[in-house]
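Following: one structure in structure tokens, then a few remarks.
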Amino acid sequence: MDKELIVLGAGESGTGAALLAKAKGFSVFVSDCGKIKPQHQAELEHAGIDFESGKHSEQRILNALEVVKSPGIPDHSPLIKALHQQGIPVISEIEFAGRYSNAKMVGVTGSNGKTTTAMWIFHLMKKSGLNVVLAGNVGNSMARELLEKDPDIFVLELSSFQLDGMKDFKCHTAIITNITPDHLDRYDYKFENYVDAKFRILNNHTNDEIFIFNAHDKEIMVRLKMMKYPGHRCPFAFDDVYGEGACVDGEKVVFNTPRHHFSIPVVDIALPGKHNLSNAMAASLAALRMGASEEAVKEGLTDFPSVAHRLESVAELNGVLYINDSKATNIDSSWYALESMERPVIWIAGGTDKGNDYSELEELAIQKVKHLICLGVDNRKLLAVFGNKLPVVTEANSMSQAVEQAVDAARSGDVVLLSPACASFDLFDNYVHRGDMFKAEVKKHEG
């Protein structure tokens, strides 16, 4: 049998990679040990791509020319180890797709804020009339987008898992919003391994590239001091950055680049919260770097809509505000969510633990939370940390049960906050499914 390009995983990135590979003349085989979604299966069938589900045919896979791996498959899985032992290249969909694009790449990663920042960059660039496409970990895969066109600019949200499989790919403008412990179960429970993965976004940088980073982030600053970075450093911070970058000066956000120097009142920024000021600064610096106009940036900072599943207001019922923060899949995200709450909180948290240290949330939870609802298959860690520290702690094994408990507990002036601090895979398909279920259950109580 001739050597094939093997795609492991038939989700959005895998299906996109397979379709692009087929269009480029490869012999392609897709293997997914789980169940393939009907829409993806239909696309593979329509394209005439051979595939399997519910198993991995190891003998065929180990005869691959190259393997494009889904970001959901860990590097320590036996099949991936076997591929490495055979010397077969294993890459990400981003690495593969990048071979077929001449676009300038803006890459955004970080433990928190990367989705909002990537979408905000795209919003600012579109306002400037730039030929830009948003892809990666938000929206369609880059490979799928390349089936339609190769734009001038790609804005890519990149997870650590996607960065793990990048070798020759280059982000001409790279952004790290912050780095806090997350996904440690995928990195041998070693934080330094996770930091290494995030810094792969700087792969292949020369003195022509730019690195936009959070100057308040301890891990970023420590790593920068340890390395010789060849490109342009462009920080953002809540105090003066002394040169190119962005900062908060009293009631204004100030932007300073080689071509632009302007400010905008903090109160005019579309999304509230200190974390969104950081996202706004990072997005603006990237958009300006890629040619967005000052006028478009100013306008786009004030009219950017909120991102679904990120501190998303769902409804206010009987004086109780319901907020969907399902995208808060780690401790830091939930910290920002709790920190921004100004009402007594009924907090729905829990899910698949990723090596979380919930003690980091203790002080805030004691200040803000009147009732914690632990939503998960295994709530032992949450109960151990908060069981004796909060006024009321209960458990729920479904979203319906969690929302019912919240409705019963809430009083006018309270907020019900779904901010899980965990992955969703114990009870839900993903954070979107979890957030949609929350919204659906809340809607049942309207009227």
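The values are calculated or read from the model by the stated rules, or taken from the named source; none is laboratory data. Everything numeric in this text was worked out from a predicted model, so none of it was measured. Don't worry about glycine lacking a Cβ; one is built from the backbone with ideal geometry, like all the others, and counts go over all protein chains shown. Heads up: the accessible areas ignore ligands, DNA and RNA and are worked out on the full protein's heavy atoms, side chains in. Shrake-Rupley method; radii C 1.70, N 1.55, O 1.52, S 1.80 Å.
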Exercise for the section: Quickly rank 42-55, 395-408 as a protection proxy: mean count of other C-beta atoms within 10 Å, highest first. Expected result: 395-408, 42-55
Practice task
Kindly provide the helix-only [θ] at 222 nm of the chain, computed as the sum of -39,500 (n - 2.57) over DSSP H runs of four or more divided by all residues, to the nearest 500 deg cm²/dmol?
Solution key: -10000 deg cm²/dmol
Exercise for the section: Summarise the accessible area of the chain (1.4 Å probe, protein heavy atoms) by the percent that is carbon and sulfur. Expected result: 48 percent
Practice task
Please give the residues of segment 135-174, grouped as numeric ranges, whose backbone N is less than 11 Å from a label point set 7 Å along the Cα-to-Cβ vector of Asn430.
Solution key: 136-141
Practice task
Rounded to the nearest 0.05, what FRET efficiency do Asp240 and Asp196 give with R0 = 30 Å and r taken as the Cβ-Cβ distance? Could you check?
Solution key: 0.50
Exercise for the section: With both partners inside the chain, how many of the DSSP beta bridges are antiparallel, as a percent to the nearest 5? Expected result: 20 percent
Exercise for the section: Using amide H atoms built 1.01 Å from N in the peptide plane, name the residues 5+ places from Phe238, or on other chains, whose amide H lies under 5 Å from its own. Expected result: Val248
Practice task
Express as a percent, rounded to the nearest 5, the fraction of DSSP beta bridges in segment 287-408 (both residues included) that run antiparallel.
Solution key: 35 percent
Problem - Cα-based reach from Lys55 at 26 Å (exclusive), listing lysines while leaving out same-chain residues under 8 positions away - result: Lys3, Lys22, Lys35, Lys37, Lys69, Lys81, Lys354
Problem - DSSP-defined beta bridges in segment 199-277 - what % are antiparallel, rounded to 5 - result: 60 percent
Exercise for the section: Sequence neighbours fewer than 8 away in the same chain don't count; with that in mind, list the lysines whose C-alpha is under 22 Å from Lys228. Expected result: Lys167, Lys170, Lys198, Lys218
Exercise for the section: Using only Cα atoms, locate the centre of segment 224-285 and the centre of segment 177-196, then give the distance between them in Å, rounded to an integer. Expected result: 25 Å
Handout entry: Leu383 versus His84: modelled label distance in nm, points set 7 Å from Cα along the beta carbon direction
Key = 3.7 nm
Exercise for the section: Quote the Stokes-Einstein diffusion coefficient, in whole µm² s⁻¹, for segment 127-223, based on the Kirkwood radius over alpha carbon pairs, a temperature of 37 °C and a viscosity of 0.692 mPa s. Expected result: 222 µm²/s
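Rg/Rh for segment 211-257: what does it come to with C-alpha atoms and Rh from Kirkwood? Write out the running numbers ahead of the final one.
Working: Rg = 11.1 Å, Rh = 11.2 Å.
Rounded to two decimals, Rg over Rh is 0.99.
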Practice task
Could you give the DSSP H helices of the chain that reach 24 angstrom or more along their long axis (alpha carbon positions) and whose average Kyte-Doolittle hydropathy is no lower than 0.5?
Solution key: none
Problem - Alpha-carbon Debye profile of segment 1-134, log10 I(q)/I(0) at 0.11, 0.18, 0.20 Å⁻¹ - result: -0.46, -1.03, -1.16
Problem - Average projection area in nm² (convex hull over Cα atoms of the chain, one quarter of hull surface) - result: 22.1 nm²
Exercise for the section: With just the Cα atoms of segment 332-416, tell me how far they stretch along each of the three principal axes, in Å, largest first. Expected result: 35, 26, 23
Handout entry: Quarter of Cα convex hull surface for segment 169-286, i.e. mean projection, nm²
Key = 8.1 nm²
Problem - Computed accessible area, Val320, all protein chains, 1.4 angstrom probe, square angstrom - result: 10 Å²
